[in-house]
Structures are given as structure tokens and as C-alpha cells.
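Engineer: Below is a structure I'd like to ask you about.
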Amino acid sequence: MLKGCSHDVIMMGIQKSEAQLFNYSVNLEKRVRINHPLRRVKAVVDFSFVREEVAHRYGHKGNESVPPEVIMKMVFLLFFDDIKSERELMEVIAERLDYLWFLDYGLDEKVPDHSVLSKARARWGKEVFESLFVRTVAQCVEAGLVEGSKLHVDASLIEANASKESVIQGASELIAALKRAYCATESKLEATNTASNYQMINDRMMSLSDPDASLMRKGSGGGSRPRYQNHRAIDDGKGVITATLSTPGSIAENKKLMELVDQHERNTGGAAQTVVADHKYGTSENYVACQERGIKTHLGDAFAKSQRGRERTIFSDAKFVYDEKRDTYRCPAGQILRPGKVHPIRHTRQYRASPRACAACVLRAQCTHSSSGRTVHRHEKQALLNRAREQAHSVAARRDRARRHYLMEGSFADATNNHHFKRARWRRLWRQQIQDYLIAAIQNVRILLAHQNPKRSAAKALRAPEKLVLNCLGRMHPCIEMLHTNFAKLLRLAFIAPA
């Protein structure tokens, strides 16, 4: 011992850096903490269904592949933790014990090459990833997280994995021939199952990098570039994504409303009773389609929005009175508008007043700016359209559209911030569909896990009465403080002797 020191002398340790050739004492099950997110995912999601669904894609002879369920788990990790690339994923797997445990790998097991994932996508197609998404919806339904009767709909643009410089312009025949040649060449090189009859979009423009993506402008200030669009329906209960569609960016949002409703009903097993969306979806076609199926239309009114500026200068169509028996309209000046030609695409009939009567009318300046007179269009199912618009302008509809705003924006923002939603990882539409199915499935799994945590539920239940008490005390605090001050004054008056 050193003089004047009561403690024992301690030597500094030296770390031995010799590699261990054999180590049988590492147990990955003990190395992954109990509350690890991947442990909860593994307990909830059954990836073994993949083997049965893709069995027909494999032969009975040849080299043995990586197990399909392991490949699906790897792709799941790619989006769950938003790994930058598939190459990086394979490098990270070897470094992380929780990933090895999640994949049921050992410490000495070889991690496959990143090309295994791209080959599996080409071999499987998009159907198995759609099945994963549908299964997550079914689990949320079984857990009581899906209300089912009310759904919110919206769409968001996604930047394709292609630059603006890759876009060429030409005659529609030339662009169509280039797309067919691209499909044939890709099928030979990659042995993909891409259909050769995909929908032609932007028939005068084409991206040489990704011919499925269409040139689209995002917002008023953004430039045009190749983009896709993700359409999704979200349940009103807990925000579960019940339907998702992927299209080129130039496909109008309102054209996919009823497909989303059909997919929602198919995936949840229930009937939609109310659809909530903004004014882009509030077209006559969607209004009538929903009313024919008994669905309430809490959609924004596209026609009313377009008429707001017009109503300031001329009479709106609501000022014209329809006579059902005579099939005519009466204008504010008392003139009769008689039926004319039918528009087969709009499913409307045109009603027009006499040009001579309009020319001599004293209210002409308030009624029309056209030299041929005022016209009014009536839908062939105007009664259903009127009822739909009445529902769209109700108080309940406005309240639902306000809720839709933060539900949809929150869902898209979560996908963007956590799961690489806003940019395509791969090229071609069918691969983009795989990406959107995976992201939607992961978001549903996270919602399922958030509402299956017994500790959080118990804490929430305990906090409810605690908050009530604190709120009451907060309201009583000024009164208690005032009583304390007055009581102190009384004590001083009682015990201080008079001078």
C-alpha cells in the first residue's frame, strides 16, 4: 500500500483484442430487450404466409433460395427503419443483433447479397405484398381498431426514381412505340412480369428512365417532373389504412374514389356508409355513384367552388326554377329555357332560352355574357345529385372534412418522415405498388402495436381520474390561496395586543 493512502492499489485494465474463433455463449434472445419494437412486430405479424403464396413461383430442383419469409422480413426492415438502400440494409444486418434475431439468423450465418431482394420482387410480383397489407387490415379489424362505416380519402404525389432530364417529347405514335420497345427489352433483361398493355399516360412525353411515371407539376411554384400518385382510404376510428392504390401522377384523384370504396369494403368486410373527401372528389359522377349505393357524400362540392366567382357577376343555376311536368326551366326574368342536346359524357341535358328573348332581356347583364343566350345543364339523375349536394353542405359534412384534414395529412406525413414515402425507391408502376403496399402495411402494424400495449392502456386509465382531480385543484387554487391570505390576517389581528 502507498503511504498515506487507505485504498488498495488498482492497475489499469488492458482490453484483449484477440478474435475468438468459437463462441457458444451468445444468446440473441437475451440480447434483444423485452420492449424492443421488432420483438413486438415479430409477435404480431406472421410472415410464414409468404411461403405458401409464392410456392408456385419456385421449382423442385436447382439451387436452394433464401427462405421467402426471411426475404419478406428484410424488405419489411427496409421500410420500417427507412434504410437508405438494399445494399446498406445487408451491411447493417450483419452489425445489428436485433436484426439478426428478427431474421432468425445466427452470429456466424452469412447474410445474402442485396440482389436477392430484387430477384424475389421480380419472381413474386406485387400480389404477395398486397396480401401482407390486406392481412394487416384484417388484424386491425379483429382488434376492434376499424370502425368501418366512415372512411376518409385523399391522394399524394410521389417523385419517381427518374430525373426531369430523362423526359423526351414526340408524336404520340413514336412515344407508344418506344414504350412497347422498352417493355420488351426490360422483360428480356430482367425477366420481369410487367404487363405490356399498361395504361398509356402523357402520350406525347416519356421518361427514358421510368416510362410508367407521368410528368406532373406539384403546386403552383414547383416544376414538372416524373411522378406517381398514391391514393388511400383511412378509417375514421383509429386512422387505419384500409385501401391503397398506386397510379401515374396524371391520373385524376376523383377517378379512383369508388375503387377505394370497393377495396375498403372488401378488405374490412363491412359496408361504407359515409365517404369524406375534399372538393376535388365532389364531382357529379362521384355524387351519383355514392347515392346509388346509399353512401352519404361528405365531399367538398367542386361545382359550388367553381361557381363562387361566377355568382358575383351573373345568376347562379339555383336561380332558375325547374318544371318537372313540362321539362323546362324558368329564368329570373320569366323566360322559358327548353331542353336541347344531350352530353353523353357528362350525362346532362342542355336547356337554352331563345337568343332573341335573351338579347332583349333587361336582366341580360346579370344573367349571361354569351351572345347566344343563357344555358343551364341538368343531370339525368338530378334528384340524386341534389340530395348528395345537400349532404355535402351539412354541418356534419363540414365537421368530417375538418377531421379528414388532419387524419389524412397526418398519415401522409408519418409515411414521409418515417418510411420513405415521398420518393420511389424503384422504377416502374408495379414496383411502386409494392412500395405503397409495404408502407401502408407497416403503418397499420404500428397502429396495431400502439393500441395493444397493456402498460400504456393501464397508464391511460389511471391518468384519467388523476387529470380530473388536478383540473379541479387547478380551478380551486385561486380560492384556496385567497382563503389562506384572509386566515393569516385574522390570526394576526387576534394575537397582536393593542398598543
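The values are calculated or read from the model by the stated rules, or taken from the named source; none is laboratory data. Fair warning: this is a prediction, and the values are worked out from it, not measured in the lab. Positions of Cβ are backbone-derived with ideal geometry, glycine not excepted, and every protein chain shown enters the neighbour counts.
Engineer: Taking helices (runs of 4 or more DSSP H) that fall entirely within region 298-414, which contain at least 1 residues that are surrounded by 12 or more Cβ atoms within 10 Å (Cβ to Cβ), in contact with a Gly (Cβ under 8 Å, 6 or more places away or on another chain) and aromatic (Phe, Trp, Tyr)? I'd like the intermediate steps shown before the answer.
Structural biologist: Details: elements: 302-311, 355-360, 364-367, 382-392.
The qualifying helices (runs of 4 or more DSSP H) are 302-311.
Engineer: Right, another one. Could you list, in sequence order, all residues of region 388-404 that are among the small types (Gly, Ala, Ser) and in contact (Cβ under 8 Å) with a residue 60 or more places away in the chain? Walk me through how you get there before you give the answer.
Structural biologist: Step one: of region 388-404, the residues among the small types (Gly, Ala, Ser) are 388, 392, 394, 396-397, 402.
Residues satisfying the conditions are Ala388, Ala392, Ser394, Ala396, Ala397.
Engineer: Return yes or no: is Arg431 part of a loop (DSSP other than H, G, I, E, B) and touching a helix residue (DSSP H, G or I) at 6+ places or on another chain (Cβ under 8 Å)? Walk me through how you get there before you give the answer.
Structural biologist: Numbers: part of a loop (DSSP other than H, G, I, E, B): no; touching a helix residue (DSSP H, G or I) at 6+ places or on another chain (Cβ under 8 Å): yes.
Considered against the rule, which asks whether it is part of a loop (DSSP other than H, G, I, E, B) and touching a helix residue (DSSP H, G or I) at 6+ places or on another chain (Cβ under 8 Å), Arg431 comes out as no.
Engineer: I would also like to ask the following. Can you tell me which residue in region 107-151 is surrounded by the fewest Cβ atoms within 10 Å (Cβ to Cβ), limited to those that are free of Cβ contacts under 8 Å to residues at least 40 places away in the same chain and touching a Leu at 6+ places or on another chain (Cβ under 8 Å)?
Structural biologist: Residue satisfying both the conditions and the ranking: Glu109.
Engineer: Identify, please: which residue in region 415-426 is part of a helix (DSSP H, G or I) and touching a residue at least 12 places away in the same chain (Cβ under 8 Å) and is, among those, surrounded by the most Cβ atoms within 10 Å (Cβ to Cβ)?
Structural biologist: To start, the set of residues in region 415-426 that are part of a helix (DSSP H, G or I) comprises 415-419.
Among the residues that remain, those that are also touching a residue at least 12 places away in the same chain (Cβ under 8 Å) are: 415, 418-419.
Values: Ala415: 23, Asn418: 16, His419: 20.
Here the residue is Ala415.
Engineer: Check Leu407, Leu438, Leu385, Leu429 and return the single one that is touching a residue at least 40 places away in the same chain (Cβ under 8 Å) and farther than 30 Å from Phe79 by Cα.
Structural biologist: The match here is Leu385.
Engineer: Still on this structure: Let me confirm something: among Ile83, Ile158, which residue is among the hydrophobic types (A, V, I, L, M, F, W, C), assigned by TED's automatic domain parsing to the domain that holds Glu52 and either in contact with a Gly (Cβ under 9 Å, 6 or more places away or on another chain) or within 30 Å of Arg57 (Cα to Cα) (or both)? Quick ask: steps written out before the conclusion?
Structural biologist: Working: Ile158 fails: assigned by TED's automatic domain parsing to the domain that holds Glu52.
Of Ile83, Ile158, the one residue that is among the hydrophobic types (A, V, I, L, M, F, W, C), assigned by TED's automatic domain parsing to the domain that holds Glu52 and either in contact with a Gly (Cβ under 9 Å, 6 or more places away or on another chain) or within 30 Å of Arg57 (Cα to Cα) (or both) is Ile83.
Engineer: Specify the residue that is modelled with the lowest pLDDT; the eligible residues are those in region 97-106 that are surrounded by fewer than 15 Cβ atoms within 10 Å (Cβ to Cβ) and not in a helix (DSSP H, G or I). Lay out the reasoning, then the answer.
Structural biologist: First pass over region 97-106, keeping only residues surrounded by fewer than 15 Cβ atoms within 10 Å (Cβ to Cβ): 97, 104, 106.
Now drop any that are not not in a helix (DSSP H, G or I), which leaves 104, 106.
Details: Asp104: 91, Gly106: 87.
For region 97-106, the residue satisfying everything is Gly106.
Engineer: Go through Asn286, Asn267 for me and flag whichever is buried (at least 18 other Cβ atoms within 10 Å of the Cβ), in contact with a strand residue (DSSP E or B) (Cβ under 6 Å, 6 or more places away or on another chain), modelled with pLDDT of 85 or more and of a type in the set (S, T, N, Q).
Structural biologist: Only one candidate qualifies: Asn267.
Engineer: So, one more: Which fully enclosed helices (runs of 4 or more DSSP H) of region 25-91 have 1 or more residues being within 16 Å of Arg121 (Cβ to Cβ) and in contact with a Pro (Cβ under 7 Å, 6 or more places away or on another chain)?
Structural biologist: On the way: elements: 28-31, 37-44, 49-53, 68-80.
Qualifying helices (runs of 4 or more DSSP H): 49-53.
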